[in-house]
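Here is the structure we will look at.
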Amino acid sequence: MLHAAWPSQGTATQRRPVEPILPPRKRSSDPKPFPGLTRKPPCAACEQAHEHGPQPPGCPPPRIVSTRGRPRQVDTSFHFCPKANCDYWGWVGLGNIRANGHPNGGPWRQLHCTSCGGYFQETHGTPLHGKRVVPERLVWAVGALAEGLGIRAVARVFEVDPNTVLAWLVEVADHAAAFSQYFLHDVRVTQVQLDELFALLSAVKTGEVSDAEAIQRLSRSPHWVWAAIDPVTKLLLTIDVGDRTLAMAQGFVHQVVQMLAPGCVPLFLTDGFKEYTTALLTHYGQWVQPARQRAQGPAPKPRWMPAPGLLYAQVVKTVRRRRLVRVRHRVVCGTLEAVQQVLAACGWQINTAFIERVNLSIRQHVAAVGRRVITLCKGEDGVRQQLALYHV
Ligand SMILES: [Zn+2]
């Protein structure tokens, strides 16, 4: 099966001698064992992470214990010094930050770093920093954006300029992305469902094109929303925008793998998009030395094979005239028994129902990805920001 799903060209191909044309054979029902790849499929994100990965932090600077004055009442253990040249930059809970009261009776506290002597507001680095707007109004406006109201609609409801709403969205989305990155790591899951859905971002109105047309038109343009969910806890692992290509599949699986705890190999469930197989194999593969077939001649070359624990199944849907006519399940890596054993813990069959439900929610909450909407986003960035908001 895997062999049939493999791209016919590219790095993964192996050379075979030309076979003589034989009369058509009856196809055997047993799936052929996966022959393995002669090269490890490259992943740009992995290589990049290898080169400029996050450096492990050095030793934390010593904890500052204040002996003078009355004990401090305000908890500043979650703030850090924002001055990049300070020794305590980025470190929390080391006692270098002191609350300094509200300057000029403003709503926000001033904080003081006793190490570098710098002063900064407690809102430093948040979307509330330097805004004259009442915090509640900003929070409600962002909440309305996250619920799927368009930018202009939010601007009308909250009586602000649309450009202001856009600026809020951009800032909050940055913050939301950082928030997800900070909190979502070392996740332990048993299953992951992956899917991609198309988004119409430019002049095409969704109601007027069929899915098939849109897919054909968008296959070449970077307008796909990729999402991954743990169906057991319904945790949305990651969400991204990109085209529907191998490179994007590689990058997306890379994101999911980064989020999982080391050594955690869940059961992956996807639709029939063939590039997932290569992408999964890139991150969950190993070199295997095949056994010698003959006593003489060169030893066979090592093959890149799926890691022993990798389980991967596809749900292949056949749609004819916009109607679902057939659903087939295909186990690509691992055995059907092993896949069913993982699913049996929840009493489920092979399915991608949960991620498909998420797709509907995304369409509901991200105005530009909706099915019959006139809110259209100008580009990929706009959708990415709205998605970051929805994710959080
Ligand atoms: Zn400092």
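Using a/c under 1.5 as the rounded threshold, could you call segment 101-156 rounded, prolate or oblate? The axes a ≥ b ≥ c are square roots of the C-alpha gyration tensor eigenvalues, and prolate needs a/b larger than b/c, oblate otherwise. Prolate shape, in that a/c is at least 1.5 and a/b is the bigger ratio. Taking Cα centre as origin and charging only the Cβ of basic (Lys, Arg, +1) and acidic (Asp, Glu, -1) residues, the dipole magnitude of segment 315-371 rounds to 580 debye. Remark: segment 188-195, residue by residue, has Karplus-estimated 3J(HN,Hα) of 10, 9, 9, 9, 9, 10, 10, 7 Hz, where x stands for each Gly or Pro and the curve is 6.51 cos²θ - 1.76 cosθ + 1.60 at θ = phi - 60°. Relative to one another, the C-alpha centroids of segment 105-173 and segment 217-279 are positioned 32 Å apart.
Taking a ≥ b ≥ c as the square roots of the Cα gyration tensor eigenvalues, segment 290-372 comes out prolate, since a/c reaches at least 1.5 and a/b is larger than b/c.
Here each label is just a point 7 Å from Cα along the line to Cβ, and for Ala167 and Lys274 those points are 5.0 nm apart. Projecting label points 7 angstrom from Cα along Cα→Cβ for Gln48 and Leu324 puts them 3.5 nm apart.
Based on the alpha-carbon gyration tensor of segment 228-290 and its eigenvalue square roots a ≥ b ≥ c, which shape applies: rounded if a/c is under 1.5, prolate if not and a/b is larger than b/c, or oblate? Oblate shape, in that a/c is at least 1.5 and b/c is the bigger or equal ratio. Probing with 1.4 Å while keeping every protein chain in the model, the per residue accessible area of segment 92-138 equals 55 Å².
In terms of overall dimensions, segment 240-392 has a Cα radius of gyration and Dmax of 19.3, 69 angstrom.
Normalised Debye scattering of segment 126-170 at q = 0.23 Å⁻¹ gives log10 I(q)/I(0) of -0.72, counting only Cα atoms as equal scatterers and leaving out solvent.
For segment 72-79, the Karplus equation 6.51 cos²θ - 1.76 cosθ + 1.60, evaluated at θ = phi - 60°, returns couplings of 6, 9, 8, 7, 10, 6, 9, 9 Hz by residue, with Gly and Pro reported as x.
A 27 angstrom limit on the alpha carbon distance is what I want to check against. Which of Lys131/Lys234; Lys274/Lys301; Lys234/Lys317 exceed it? Distance filter (> 27 Å) returns Lys131/Lys234.
Taking all protein chains together and a 1.4 Å probe, the residues Thr67, Thr38, Thr233 rank Thr67, Thr233, Thr38 from largest to smallest accessible area. Taken over the C-alpha atoms, segment 87-188 has Rg and Dmax values of 16.8, 48 angstrom.
Of the beta bridges in segment 236-392, as assigned by DSSP with both residues counted there, near 75 percent are antiparallel. Protein heavy-atom surface of segment 118-186, 1.4 angstrom probe: 58% of the accessible area is carbon and sulfur, with nucleic acids and ligands not counted.
The values are calculated or read from the model by the stated rules, or taken from the named source; none is laboratory data. A quick note: this is a predicted structure, and the numbers were derived from the prediction, not measured. Here Cβ is always computed from backbone atoms with ideal geometry, including for glycine, and neighbour counts include all displayed protein chains. Keep in mind that these areas ignore ligands, DNA and RNA; they rest on the heavy atoms of the full protein, side chains included. Shrake-Rupley method; radii C 1.70, N 1.55, O 1.52, S 1.80 Å.
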